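Undergrad: Handing you a structure now.
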Amino acid sequence: MITLADQLLVLVLLINFILLGTSRLFFSIRAVAVQGVLLGILPGLIHPFSWHLVGITIVIIAVKGFVIPQLLGRAVRSAEIKREAEPFVGYVATLLLGALFTAFSFGFAGRLPMLPEHQNYMFVPASIATLMAGFLILTTRRKVISQVIGYLVLDNGIFIFGLLLAEAMPIMVEAGALLDLLVGTFVMGIVINQINREFSSLDTSLLTSLKEE
Amino acid sequence: MYFALQGALDPALVALSAALLIGCAGVPGLFLRKPGPGQIIAAAGTILAAFAGVPSSLLLLYSHTTTTYLLEWGLPFGPCELVIDPLSAFFLLPVFLVSAAGSLFAVGYWPAAEHRTTERGLTFFYGLLASSMALLLMARNGVFFIMVWEVMALSAYFLLVTEHEREDVRRAGIVYLIATHTGTAALVVYFSLLASQTGSFLLPAAGSLSAFSSTASLIVLTAFVGFGAKAGIMPFHIWLPSAHANAPSHVSAVMSGVMLKMGMYGLFRTLTYFYEPPFLWGAVLTVCGITSALLGIAFAVAQHDLKRLLACSSIENIGIITTGLGVALLGVSSHNNTLVYLGMAGALLHILNHSFFKPLLFLGSGAIIHAVGTRDMNLMGGLGKSMPRVTLLFLVGSVAICGIPPLNGFVSEFLLYLGLFRQLEAVSLTYLVFLAPLLALVGGLAVVAFTKLFGSVFLGTPRSTVAPHFHEAGVTMLLPMFFFALLCLLIGVAPQIALRLVSPAIEFIYPQLVSPSITAGYGDLLGRLSLSGVLLIAAAALVTLFWKWRLGKVPVSATPTWGCGYQRVTARMQYGGAAFSELAVSVFNGILRQRIERPTIAGLFPVAAHCSDQPTETFLERVISPLFALTGIAFAFLRRLQNGLMHMYVLYIFATLFILMLWAH
């Protein structure tokens, strides 16, 4: 089962590159949804069966794979934008940076003082790499939708790390994490609407005009 | 309260509930749509809390008990103890008394109907401030202490900027915020050092730490900076005058009467940890104290803003308290029990006294400002005729603060003088006697300052025609003032009672040094003082009666105060406050200056001219302000970091994370 988990994690990493390299927003949203579904399957692969686990898997897949992408898709449709035009850093450069950070995270994870039973798995490097991909998206893209996607990827990275740490995650912690994500997306949705109405655009770099001199 | 007195209910629990009740008193007002009832509910709640809290504090003080509660707070900083010992109980008294009186005063002074937008916040934060101060006195966990301390500091900030539409208020707020957070920074270091010394965040028990280690000196130094900044001991006083002057008056009363004392409480508490304190600590406290007293009152003399004058006099009083504490510490170091007892008694009693007469004066200034509409004493005058009751009460406060018998200010200073003069017989530290003339100089300058205040506000004729509708203060404003005046007189006439209030706290701090016989001995001495006070009052009453009787026999005619035979007297032909204080201030030339801009008068018929005076503080102008300007230039690059680009902010987080990851290996 562990090897299957590792293969899924490779898929997660590949999805990171898709997100870093594409300019089409609908495509990004779908990719993030797939990543969410993959993450939903992961706990079932590494922990022994329990009804509690089934519940968690269903909720994670529902929220990460369907509810949030649905919300984002609606926002994109209502804002009538299709592409992320002129990011701060170009797509090729972002991809290269992403590759660099992924390599770095593998190197870094190898030197972390970990328990022997965790030593050989890809959880930690995948988690750090996904986290950094999220950061990259957050820093290089202009549109609010892309920002939300970056935020989701960042959260996915943290989620992978959490899989490793908690053998039996208390349900409250998971519920808290999911709620956090959902609320965060809602807030972002409100922000998207407000920015769109105020500036007639979804470009977050226009927010500088709010700065106090 | 009655249950508490019967002992059926734990007085400590009553005090704790009272503290929490004050904090919640302002909450209903936040949700009521109609302005007015919320304020009255808050005042009623606060007064009720005082009725419960004061007797229980007294009971705790007299019974010499220490009650401990454990707060289940679930934070990883160890157990959180709430303890009321005699020292806490002593400091709780002014918290309850002043906050209750101030909340009643607010009903007349800051009526909700006239201040719809600000009253809710003011009432709420007022309760929060008083409640946090009461909890602060009970907190025995360093982290909890810092939390409550911050609640106190921030609610005071929000109270201070109540009139935030005014530029000077906002400036005063920022200066206060910087000062208080500098102090908090020192306190964080202080509690960390304490925790490293004891191994837990619980504050150490009395006399449990050795003073002869480098950590001990560092602990006391950070305490001096952190608590001293709150108390306004020089050189940490710069925030104090503008903050106290710009807050609403009942808030100034609480800030000056109680909040400064929280800084003093911190110092007292810190010094209890150590046995055998070195000479240096006492010496530093004494020098800083007497400097604060002397310069504070000199600043007060130079002011022409009514509330700034009162605020500067707070620096003076804090200075006197610090001197008392320093002298007591020197006594501990030199094993001189008389000095310890008299220094401590003087300092603690002055804390209590100052929390009676300073709120009285600040509330009085509120009543004056409410009537006149300005804080500038150069524009006042003649209020004695239109508001006789406020005048009388203000006079009581002024006499008390100058340390003139038979009022309470005299008693605490008397104890201090007694301690200093006893040094003539002592084997060591005889030179402490020289503090006595300095203290006398402080008292003299206080008389100058308050003569200036009283003369230019209440005597003469009104100087300005801006606000002609002078009116006597309402009953909600007069009642709290009357209450404080009564307390001032009570302690002045019966000082032995006050000594019994102070003694438990001293016995708690230095149980091995203070014996009941010392207390009884000085009680007798103060009893004789009380007799002379009564005689003095009787003589004053007799003279007044005689004067009234003489007045009744002769015809009385009314003329302008400064008539002096002029044909056409105007209100501006009066002796002003600036001229009165000019000479006294000129002695301190170099440290402070009363900058008077005089017109040159030439010819037989001079043209209209203007004269103004502005007190300036050299230390602030030459050292602190340039220092801040320099810091501003040095840190200008930080403003470029805040560029408003969300992406850049995320990048900062990312970069920090990345650097930390690299640094870990």
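Undergrad: Nearest 5 is fine: what % of DSSP beta bridges in the protein assembly as shown come out antiparallel, could you say?
TA: 90 percent
Undergrad: Measuring from centroid to centroid over Cα atoms, what is the spacing of segment B:262-285 and segment B:615-659 in Å?
TA: 35 Å
Undergrad: Once the Cα atoms of segment B:134-235 are picked out, what are the Rg and Dmax in Å?
TA: 15.6, 51
Undergrad: Same structure again: Find out how many positive minus negative residues lie around B:Val220, taking Lys and Arg as positive, Asp and Glu as negative, among other residues whose Cβ is under 15 Å from that of B:Val220.
TA: Value of the local net charge: 0.
Undergrad: Calculate one ³J(HN,Hα) per residue across segment B:64-76 by plugging θ = phi - 60° into the Karplus curve 6.51 cos²θ - 1.76 cosθ + 1.60, and present them in order as whole Hz with x for glycine and proline.
TA: Those phi angles translate into 6, 9, 10, 10, 10, 10, 10, 8, 7, 10, x, 9, x Hz.
Undergrad: Test of understanding: what is the full-extension gain from B:Gln567 to B:Ala113, defined as 0.36 nm times their sequence separation minus their Cα-Cα distance? Numbers along the way, then the final one.
TA: Numbers: separation 454, 0.36 × 454 = 163.44 nm, distance 4.62 nm.
That pair, B:Gln567 and B:Ala113, stretches by 158.8 nm at full extension.
Undergrad: Average the reciprocal distances over every distinct pair of alpha-carbons in segment B:152-291, invert the result, and give the Kirkwood radius in Å.
TA: 15.9 Å
Undergrad: Do me a favour and compute the ellipsoid semi-axes for segment B:214-298 from its Cα gyration tensor, root of five times each eigenvalue, largest one first, whole Å.
TA: Semi-axes from the Cα gyration tensor: 26, 14, 10 Å.
Undergrad: Then there's this: Summing Lys, Arg as +1 and Asp, Glu as -1, what charge do residues with Cβ under 14 Å from the Cβ of B:Ile174 carry, B:Ile174 excluded?
TA: With Lys, Arg at +1 and Asp, Glu at -1, the net is +1.
Undergrad: In units of 2.2 N^0.38 Å, what is the alpha-carbon radius of gyration of segment B:45-162? Show your work: numbers first, answer last.
TA: On the way: Rg = 15.8 Å, N = 118, 2.2 N^0.38 = 13.5 Å.
Normalised by 2.2 N^0.38 Å, the Cα Rg of segment B:45-162 equals 1.17.
Undergrad: Go ahead and estimate [θ] at 222 nm for the protein assembly as shown from helices alone: -39,500 (n - 2.57) per DSSP H run with n ≥ 4, summed, over the residue count, rounded to 500.
TA: Taken over the protein assembly as shown, the calculation gives -23500 deg cm²/dmol.
Undergrad: Would you kindly calculate the translational diffusion coefficient of segment B:280-548, applying Stokes-Einstein with the Kirkwood radius from alpha carbon pairs, for 20 °C and a viscosity of 1.002 mPa s, and quote it in µm² s⁻¹ without decimals?
TA: 112 µm²/s
Undergrad: OK, next. Return the equivalent ellipsoid semi-axes of the protein assembly as shown as a descending list in whole Å, where each equals the square root of 5 times an eigenvalue of the C-alpha gyration tensor.
TA: In descending order, the three semi-axes are 62, 34, 26 Å.
Undergrad: Across every pair of different alpha-carbon atoms, what Kirkwood hydrodynamic radius in Å does segment B:408-490 reach?
TA: One over the average 1/r among Cα pairs gives 16.6 Å for segment B:408-490.
Undergrad: Would you mind checking which residues have amide H under 5 Å from B:Leu592's amide H? H placed 1.01 Å from N; only 5 or more apart, or other chain.
TA: Sorted by chain and number, the residues that satisfy this are B:Thr618.
Undergrad: Scan chain B and report its longest stretch carrying no GluC sites (Glu not before Pro) that are both in a DSSP loop and have at most 11 other Cβ atoms within 10 Å.
TA: B:166-665
Undergrad: Considering segment B:577-619, what Rg and Dmax in Å follow from its alpha-carbon atoms?
TA: Rg and Dmax of segment B:577-619, Cα atoms, are 13.0, 42 Å.
Undergrad: Under a point spin-label approximation (7 Å from Cα along Cα-to-Cβ), what is the B:Leu620-B:Arg33 distance to one decimal in nm?
TA: Simple spin-label model gives 4.6 nm for this pair.
Undergrad: Which whole number gives the average count of other chain Cβ atoms within 10 Å of the Cβ atoms across peptide B:391-397?
TA: The per-residue average across the peptide is 0.
Undergrad: Using a 10 angstrom Cβ neighbour count of at most 13 plus a DSSP loop assignment to flag exposed trypsin sites (Lys or Arg not before Pro), which longest range of chain B is free of such sites?
TA: No qualifying site falls inside B:167-567, the longest such stretch.
Undergrad: In addition: If all Cα-Cα distances of segment A:1-110 are sorted into 10 Å bins from 0 onward, what percent lands in each bin, rounded to whole numbers?
TA: That works out to 13, 34, 34, 17, 3, in percent per bin.
Undergrad: While we're looking at this one, here's another question. Averaged over peptide A:130-138, how many Cβ atoms belonging to another chain are found within 10 Å of each residue's Cβ?
TA: Rounded to a whole number, the mean comes out at 3.
Undergrad: Additional query: Give the average over all directions of the projected area of the C-alpha convex hull of segment B:256-386, one decimal, in nm². Could you put the intermediate results ahead of the total?
TA: Details: hull surface 33.9 nm².
Mean orientational projected area (segment B:256-386, Cα hull): 8.5 nm².
Undergrad: Counting Lys +1, Arg +1, Asp -1, Glu -1, what net charge surrounds B:Leu349 among other residues with beta carbon under 13 Å of its beta carbon? All intermediate terms of the calculation are to be shown ahead of the outcome.
TA: Working: positive: B:Lys261, B:Arg500; negative: B:Glu413.
Surrounding charge for B:Leu349 is +1.
Undergrad: Ranked by Cβ crowding within 10 angstrom, fewest neighbours first, how are B:Thr215, B:Thr272 ordered?
TA: So the residues, fewest neighbours to most, are B:Thr215, B:Thr272.
Undergrad: Please report Rg over Rh for segment B:508-590, where both radii come from the alpha carbon positions and Rh follows the Kirkwood definition. List each step's numbers first, then the result.
TA: On the way: Rg = 24.8 Å, Rh = 19.4 Å.
Value, to two decimals: 1.28.
Undergrad: Which whole-number percent gives the relative contact order of chain B, counting Cα pairs below 8 Å spaced six or more residues apart?
TA: After rounding, I find 12 percent.
Undergrad: So if I take the centroid of the Cα atoms in segment B:184-234 and the same for segment A:59-128, what is the distance between those two points in Å?
TA: 47 Å
Undergrad: Something else now. Assuming a viscosity of 1.306 mPa s and a temperature of 10 °C, what translational diffusion coefficient in µm² per second does Stokes-Einstein assign to chain B, Rh being the Kirkwood radius over Cα pairs? Don't skip to the answer; put the middle values down first.
TA: Working: Rh = 26.2 Å.
Taking Rh from Cα pairs, D becomes 61 µm²/s.
Undergrad: Evaluate peptide B:644-655: per residue, the Cβ atoms of other protein chains within 10 Å of its Cβ; return the mean as an integer.
TA: Other-chain Cβ atoms within 10 Å of each residue's Cβ, averaged: 6.
None of the figures in this text is laboratory data; all of them are computed from the coordinates on show. All values derive from a computational prediction rather than experimental measurement. When we count neighbours, we look across all protein chains shown, and the Cβ atoms used for this are built from the backbone with ideal geometry, even at glycine.
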